[in-house]
There are 2 protein chains.
Amino acid sequence: MPLDLPLADEQPVERSDAARNREALLVAAQRLVDQCGVDSVTMDAVAQEAGVGKGTVFRRFESREGLMAAVLDRSETAWQGAVIGGPPPLGPGAEPMERLLAFGHTRLRLNLTHGALIRAADRSGARSFAAVSFAAMHVRYLLTQLGVTGDIPLLATALMAPLEVVILEQQAGREHIPVERIEAAWDDLVRRVVNG
Amino acid sequence: MPLDLPLADEQPVERSDAARNREALLVAAQRLVDQCGVDSVTMDAVAQEAGVGKGTVFRRFESREGLMAAVLDRSETAWQGAVIGGPPPLGPGAEPMERLLAFGHTRLRLNLTHGALIRAADRSGARSFAAVSFAAMHVRYLLTQLGVTGDIPLLATALMAPLEVVILEQQAGREHIPVERIEAAWDDLVRRVVNG
DNA sequence: GGTGCAAACGGACCGCGGTCCGCTTCTATT
DNA sequence: AATAGAAGCGGACCGCGGTCCGTTTGCACC
């Protein structure tokens, strides 16, 4: 009678070898990324480094995009933690405007640092639902706190759009605009939107 | 004495067969794109459709990205013409604010319509210098006309960022936000930035 | 320990973008 | 018309992401 106990939140439970491989793959991928740069990491290389077959990599992570997203998740989670419960001005405790500016600055730097990884984790152009919506929620919340009226969700998007990797790499990379100036311009944008 | 005449603007002049092939390839690519959608157009297919070898495609257009950019160029050029010399409110003759709003609306629709093509023409994330800078120049010009003060180039970027394909496809596609609402939100953003 | 079977594994295989290089064609010059 | 050599051509070939399927492994129950 192979009956699984009818626990409410039935999630299939990963087999032990599967879990071991997942971890090995993440470690391998992380190492290769650090070593050779995102763009020259191949799926075969990751598989070999982890000592598993290529099929296993795709079974675990669906696609290259998925694997990179998993690697990215580490730092992204840390940042989200800092936003939710870290020290001010990014975390709670500071004035909403201060928090919003801190949000922008840290997000900007992060997107610039992890640009290649983010792009690799997000080839389709649509950032993973979770990642995007977390930031969106936060900005909406802060805008509300600031007493902004209007279409808050779309205003939030408008504020975050200039922080997208595509834009930042155009500015910092192609046009050689210093980061401080980009930050300052974003601050200005925020003030105009909030006060306007 | 194989001396080329020392004309000032010496550009090598394309050989006749090369020119013929370029045209054939563009036509073939255009047809295949219209027929099957950008994403399922392969370089081999384009080569075959145009009746040339694969190598020729890459010789002419460098890469898939380059070919798609060339295809895209047709409609893009038309739009640029309308901005520079078309009828108001998009073209000259209307008030700057009116022109700016018209700019945003047409750009928004265009980016939504040609989203797949634009993404294919621009895999790297950095839109071709020419395309981006034309729009940027125009917005900067209008902002100046409107008497906006501050970091005009970066304010212009901030206004155009929410019109990027990545953002629009997230909103219209994943979040099912109606285009009219996106337009309205952009108008609001513009007013805040201009008045703020 | 044995047994049944779902889950996981791995590597051969495929299609596509992109390169390479020996062969062909155009054109300038006589 | 003949000629030379640069420009163009084409298709075999490569590496990578992704799939498929026959084989192996872990686990629950006996």
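Values quoted throughout were computed directly from the atomic coordinates according to the rules given, and no laboratory measurement underlies them. Not measured: the values here are computed from a predicted model. Quick reminder, even Gly has a Cβ in these numbers, built from the backbone with ideal geometry, and neighbours come from all protein chains shown.
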*Given the rule -39500 (n - 2.57) for each run of at least 4 DSSP H residues, summed and divided by the residues of the protein assembly as shown, what is its mean residue ellipticity at 222 nm, to the nearest 500 deg cm²/dmol?*
-21000 deg cm²/dmol
*Once the principal axes of the Cα atoms of the stretch B:13-61 are found, what is the range along each, listed largest first in whole angstroms?*
33, 17, 16
*In square nanometres, what is one fourth of the surface area of the convex hull spanned by the alpha carbons of chain A?*
14.9
*Work out the mean other chain Cβ neighbour count within 10 Å for the residues of A:32-41 and drop it here as an integer.*
0
_Semi-axis lengths, Å, the protein assembly as shown, gyration tensor of Cα atoms, sqrt of 5 times eigenvalues_ = 38, 34, 20
*At a Förster radius of 25 Å, what calculated FRET efficiency corresponds to the Cβ-Cβ distance of residue A:184 and residue A:106, to the nearest 0.05?*
0.95
*Other chains near B:189-196: what is the mean number of their Cβ atoms within 10 Å of each residue's Cβ?*
6
*Counting only C-alpha contacts under 8 Å and six or more residues apart, can you give the relative contact order of chain B as a whole percent?*
17
*Take peptide A:138-151, look around each residue's Cβ out to 10 angstrom, count Cβ atoms belonging to other protein chains, and average those counts.*
1
*If we sort A:82-91, B:66-75 on the protection proxy, mean other Cβ atoms within 10 Å, highest first, what's the order?*
B:66-75, A:82-91
*Measure nothing but the geometry: give the 0 to 90° angle between the long axis through the Cα atoms of A:129-145 and the longest principal axis through the Cα atoms of chain A, rounded to 10°.*
30
*Relative to the longest principal axis of the C-alpha atoms of chain A, give the angle of the C-alpha long axis of helix A:64-85, reported between 0 and 90° and rounded to the nearest 10°.*
50
